[in-house]
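Enquirer: The structure is given below, and queries will be raised subsequently.
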Amino acid sequence: MRKRVNELEQEGFQIIAIAPSNASYISQFKEAFGEFPFLIAGDPKREAYRGMGHHTMPKWKLLGQAAIGFVTRKLDGFIPKEQKKKDFVLKSMKTQDVYIQGGTWIYDERGVMIWNHIDQSPEDHAKIDTVLDVLKKNKA
């Protein structure tokens with residue numbers, strides 16, 4: 001999303017990311033990965049996540065998928081090579097709920113939800129082209 005934020009904004013929409021962390025941890029994330037051209041808000045109690053139907057993947061399932069991904073080399077880049085990013089990811093794996101699955105929600109200017117996608121696994125993110133198609137179809 002960071003790379004294609006301009007395309008989303010050209011359709012008249014704004015991106016707001018919600019992270020299952022507090023403001024301090026979000027600041028550490030941005031320090032490691034760089035600034036984002038949109039707001040990242042915190043939901044440390046996971047109230048929004050749970051209220052919107054997101055779920056926490058069982059630890060054994062996620063670790064099993066990670067093991068298979070490492071063996072098949074499909075998860076190359078899962079742990080960043082750059083030390084600052086690597087340190088943050090490893091710290092997150094020990095201290096944060098890395099098992100909660102995210103999603104993508106689109107609301108119109110009145111706050112009515114027009115589309116959503118709840119991730120079922122770490123690799124199951126909404127495709128940006130799908131999001132853009134939805135935005136174009138719902139442009140005011």
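The values are calculated or read from the model by the stated rules, or taken from the named source; none is laboratory data. Computed from a predicted model, the values in this text were never measured in an experiment. Don't worry about glycine lacking a Cβ; one is built from the backbone with ideal geometry, like all the others, and counts go over all protein chains shown.
Enquirer: Tally up the residues in region 1-28 that are touching a residue at least 60 places away in the same chain (Cβ under 8 Å) and not acidic (Asp, Glu), please.
Expert: Final tally of qualifying residues: 9.
Enquirer: Additional query: In region 90-140, which residues are small (Gly, Ala, Ser) and either farther than 19 Å from HIS55 by Cβ or not in a loop (DSSP other than H, G, I, E, B) (or both)?
Expert: Residues satisfying the conditions are SER92, GLY103, GLY111, ALA140.
Enquirer: Select from region 89-113 the residues that are exposed (fewer than 14 other Cβ atoms within 10 Å of the Cβ) and among the aliphatic types (A, V, I, L, M) and write down the one among them that is farthest from PHE33 (Cα to Cα).
Expert: This residue is VAL112.
Enquirer: Only one of (1) in a loop (DSSP other than H, G, I, E, B); (2) at pLDDT below 90 fails for GLU35. Which number is that?
Expert: Tallying (1) in a loop (DSSP other than H, G, I, E, B); (2) at pLDDT below 90, GLU35 fails exactly one: (2).
Enquirer: Moving to a separate point now. Those residues that are in a helix (DSSP H, G or I) and not aliphatic (A, V, I, L, M), I need them from region 19-32; list them, please.
Expert: Of everything in region 19-32, those that are in a helix (DSSP H, G or I) and not aliphatic (A, V, I, L, M) turn out to be SER24, TYR25, SER27, GLN28, PHE29, LYS30, GLU31.
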